[in-house]
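Working notes for the structure below.
The values are calculated or read from the model by the stated rules, or taken from the named source; none is laboratory data. Just so you know, these numbers come straight off a predicted model, no measurement behind them. We place every Cβ from the backbone using ideal geometry, glycine too, and count neighbours over all the protein chains shown.
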Amino acid sequence: MKVRIQLFRQVWFVLFFFILLSRVAFVQGESGYIREAIDLETQDGLNLLAIKYSNGANNARWGAVIMHPAGDMRRDWRLPYFARAGIVGIGMASRHHRDVAHFFYEPQMLDIAAAVQHLREVDKVEKVLLVGHSGGGSLMTLYAHQSSRRKGERFSSPVAGQPVDWRSLGFSKVPRTSSVLRPRPDLNQYRLPPVDLLIVSAAHFGAGWALVRKIDPSVTDEKDPTSLNSSLDLYNPANGFQNPPKSSNFTKNLTFLARYQEGQRERSWRLVRQAQSYIEEKKFYAKLMQSSGFQDLPLYQRIQITRKAIAQRYMVIPRLLSVPNFSDLSIDPNDRVTGSNSTPRPDQGNYSRYFHPSFITPESLVSAEAPSSPVHLLKQIKEVAIPTLFICGTADMSEYPSEREAMFKASGATNKSLVWIEGADHGYRPKGPKAGDGKQRDRAAKAMIDFILKAYQTVSK
Amino acid sequence: MAQPLLMFFGLLLFWFTQLVAQSEFKRQVVDLEAEDGKKLWALLYTNSTPNPSIGVINIHPRSDRRRDWRLPYFAKAGIPGLGMASRHEKSSENERYEDILLDLAAGVRYLKNKVGVEKVILVGHSGGGSLVTFYAHQSSKRPGGRFSSTFTGHGPNLNKVDLPPVDLLVVSASHFGNAYTFTRKIDPSLTDEEDPTSLDPFLDMYNPSNGFREPPKSSKYSEEFLTRFEEGQQARARRVFNKAESFFREKQFYQSLMKSPLFQELDSYEQIRIERKVISNRYLVIYRLLAIPEFTDLSLDPDDREVGANGSNRPDWANYDRASHPTVIRVEAFLDTYSPHSHVNLLEQIKEVTIPTLFICGTADMQEYPSEREAMLEASGAKVKELVWIEGANHSYLPQGPKAEDGKQRDQAMELILGFVRRNLSEGLK
């Protein structure tokens, strides 16, 4: 009996040896980390493909989740750094990645929840942190906020409200792949496992807030992408514009910036009202469908009313690359050069490039991508108490110092820190006069990892 | 004392895990870079078969095929496979097949150079069928004989890129290409492109007085209605083409203005304003793209399908409530990819594709019909070509309709595909 037990032990030893051997081979093959494709099942039945990074040791204390509303973060540059430091990380692409037209923040909470749960259950990590970069900052802050609240105190659905009830159309179950008919989650109905630490990297306050900051108020006709009110044109030399790489000067005319910002608010809210009127119209017909006389109408009339209730419109919104700070380096100064994060010539990019939400459903505009959205980092961060790191490059061309100071100040965390990476652009690449030795990513990763590993040091055994 | 015994068990265990590994498969994330620098990532499916000599790629212009259901079957049969997502994944906004050929070429190179296979199979499902046929066609031509530019001048010059040849083609449940399908599915009853519910009831296939019955009942359209409907489809498609072309010509006008002496006399802001007319990006919004009479009238091009479209059992509503490519698209991409100016046409290109070609489709597919498959088979220029039907399989080869039976449609489909591969790339499989 004793011999048999010993034998089993040795067989296990051999098995362990083989596993170890294959692991080590992997780890060395890919410079200190391994990647694994994983399938994440969300509570509302989606199956998302993500990539998990680890050093293969299977004993990580920390797990990280990186996600962005629309960008594919599955191969984010931070993940290998984390893995080598012993932090297992999941890089994600949200359900709406590459599809801003149908974007809502609320359903994406379930995507994040699936990753957090995976880290806790499969990787058995003790602590989970979220990294929100750029537009992901407000998303991850929202998760930290919502998951810290009890059921009953969370967002119940996007502000555009619940879509047409599919039951009223005679379906017995939720129809497949329909954007209009699929219910939007009431976050009070789902598990949102809590998280332990938040990193807000080069983020703005939210997609809706950002719309007002970047929208071009000189558009006079939404149907015509070159329609122009030249007195509100940021890229008009008469208003202080100079061709990049020269810095513009929008403050020489004292009233211009005030008029400009007023115009930005006005155009943004005009779009919101337009979207709301489309939504109202659909709701009107949806209500007709619920009324008792509806079933007595002839079939074709019922069909036509149903269509009005469910028809999906798309709004095309031209010219969304007009932040004065792009061209005038004296506004909210840092170490940046002229340009936006997507192009050195925002004056041209404003006309030639896609920038979210260049086209979008009225529902998503009102709920997520316009100032009517309830998602606003400055509001939510006040009630996020977990350790929070704000980090940004000083050469970032779209994220400016004053915004970071406002976030830091608003943060409700007792353990919070604001770190600047000198000469780093939006992707933490070296840029501008302070580019220096070019090791910005190394320094950013070190700052993050130091903050993470120190955060719960006193409580750890 | 226990050492020899330990070694024995160790070896036994090793042998056993190898055996298990061979009947299983594993997935691995791989990074790809297209020749124009575009970075992509794919999933590689393998089992532990040593030195595989055949590899397979699954790709679609817009949908993510990284987890295509066929790849585990291929891997278990000893054929490593790449599941890809093209650079235009999830977005028809900028869709252009010419770009995607570079993505595909990167996949083919990866299989040949990194995995070490000698022969490559391309599987194109649905909208991927015309894509892989386009690749097979263009890669079989020498540089000089390929397309050098799209209609609007975007996209790569295919004569200047490396398109490694491929060895076998599987065209699964495909249509002939975007330009073909655009006119096939457009709803002619829309009267105002700005208004998604504008309506000419006379041309509405979801109007009971034209023969429509509410699903799941089959509709019955008259010959006369169908003729009127198809003419209406062509007329609306033409209206959209014309609109796109006029936007494009307007840009060309300003482009020529920029080259004229007049331009030099303008002040800088005037020049900027003309330049904006040239570079400005315009989107077309094209509503109601789910109106194919075969969806609802099962007597047209009959097979074993039920009423519905792929992805919806109520095409009459889906026509209104969701995007279908290309609902929102740039003018230039529309002209290059969805208009008669598109280079992609399966029926034309398949004539000059000579590698072994398998056409496969489910008999319960709700959007791909028998007559089209017969036309493909006939047009195919391959010496070895076959058309196989999977009874009771829908667009995803899942059981559907009256012939669903035992529900093993996916197994059957893969058995047929692997059989075709074995027969025609026999030297490749050990």
*Does A:Arg150 fit the bill of being within 14 Å of chain B (Cβ to nearest Cβ) and of a type in the set (D, E, K, R)?*
no
*Would you be able to say whether some residue in segment B:318-334 is in a loop (DSSP other than H, G, I, E, B) and either over 17 Å from the mean Cα position of the chain (by Cα) or on the phi > 0 side of the Ramachandran plot (or both)?*
yes
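Of the residues that make up segment A:356-368, is at least one assigned to a helix (DSSP H, G or I), within 14 Å of chain B (Cβ to nearest Cβ), in contact (Cβ under 8 Å) with a residue 60 or more places away in the chain and closer than 19 Å to A:His204 by Cα?
Narrowing segment A:356-368 to residues assigned to a helix (DSSP H, G or I): A:362-368.
When the remaining residues are screened for being within 14 Å of chain B (Cβ to nearest Cβ), the result is A:362-365.
Going one step further and asking which of them are in contact (Cβ under 8 Å) with a residue 60 or more places away in the chain, we end up with A:362-365.
Those still in the list that are closer than 19 Å to A:His204 by Cα too: A:364-365.
Yes, segment A:356-368 contains at least one residue that is assigned to a helix (DSSP H, G or I), within 14 Å of chain B (Cβ to nearest Cβ), in contact (Cβ under 8 Å) with a residue 60 or more places away in the chain and closer than 19 Å to A:His204 by Cα.
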*State whether one or more residues within segment B:162-182 are part of a loop (DSSP other than H, G, I, E, B), modelled with pLDDT of 95 or more, more than 30 Å from B:Ser371 (Cα to Cα) and within 19 Å of the chain's Cα centre (by Cα).*
yes
*Looking at segment A:317-326, is at least one residue part of a loop (DSSP other than H, G, I, E, B) and more than 14 Å from chain B (Cβ to nearest Cβ)?*
yes
*If you scan segment B:314-359, which residues turn out to be among the polar types (S, T, N, Q), surrounded by fewer than 24 Cβ atoms within 10 Å (Cβ to Cβ) and either free of Cβ contacts under 8 Å to residues at least 24 places away in the same chain or within 9 Å of chain A (Cβ to nearest Cβ) (or both)?*
B:Thr327
*asked:* Against the condition farther than 27 Å from B:Glu193 by Cβ, hydroxyl-bearing (Ser, Thr, Tyr) and more than 10 Å from every other protein chain (Cβ to nearest Cβ), how does B:Ser268 come out, does it pass?
replied: no
*Tally the residues that are more than 7 Å from chain B (Cβ to nearest Cβ) and basic (Lys, Arg), restricting the search to segment A:94-108.*
1
*Does A:Ser373 qualify as being within 22 Å of A:Trp269 (Cβ to Cβ), more than 14 Å from every other protein chain (Cβ to nearest Cβ), part of a loop (DSSP other than H, G, I, E, B) and of a type outside the set (Asp, Glu)?*
yes
*List every residue pair whose Cβ atoms sit under 8 Å apart, with the two residues 6 or more apart in sequence or on different chains, where the first one lies in segment B:44-58 and is more than 24 Å from B:Ala136 (Cα to Cα) and the second, anywhere, is in a loop (DSSP other than H, G, I, E, B) and acidic (Asp, Glu).*
B:Asn47/B:Glu24
*at pLDDT 95 or above, away from chain B (no Cβ under 13 Å) and surrounded by 13 or more Cβ atoms within 10 Å (Cβ to Cβ): does that describe A:Leu297?*
no
*asked:* Considering only segment B:289-304, I want to know if a residue exists there that is within 14 Å of chain A (Cβ to nearest Cβ) and free of Cβ contacts under 8 Å to residues at least 40 places away in the same chain.
replied: no
_Looking at the structure I just gave you, is B:Ser209 assigned to a helix (DSSP H, G or I), touching a helix residue (DSSP H, G or I) at 6+ places or on another chain (Cβ under 8 Å), at pLDDT 95 or above and surrounded by fewer than 14 Cβ atoms within 10 Å (Cβ to Cβ)?_
yes
*Taking segment B:124-153 as the search range and keeping residues that are more than 19 Å from B:Arg62 (Cα to Cα) and among the aromatic types (Phe, Trp, Tyr), which one is surrounded by the most Cβ atoms within 10 Å (Cβ to Cβ)?*
B:Phe147
*Name the residues in segment A:98-112 that are within 18 Å of A:Ser358 (Cα to Cα) and more than 11 Å from the chain's Cα centre (by Cα), would you?*
A:Arg98, A:Asp99, A:Ala101, A:His102
*asked:* For the structure I just gave you, tell me whether B:Val278 is more than 27 Å from the chain's Cα centre (by Cα), crowded, with 17+ Cβ neighbours inside 10 Å and aliphatic (A, V, I, L, M).
replied: yes
*Options A:Asp186, A:Asp216, A:Asp165; residue that is modelled with pLDDT of 90 or more, closer than 29 Å to A:Gln276 by Cβ and within 14 Å of chain B (Cβ to nearest Cβ)*: A:Asp216
_Suppose the filter is more than 10 Å from every other protein chain (Cβ to nearest Cβ) and within 30 Å of A:Lys223 (Cβ to Cβ); does B:Gln255 pass it?_
yes
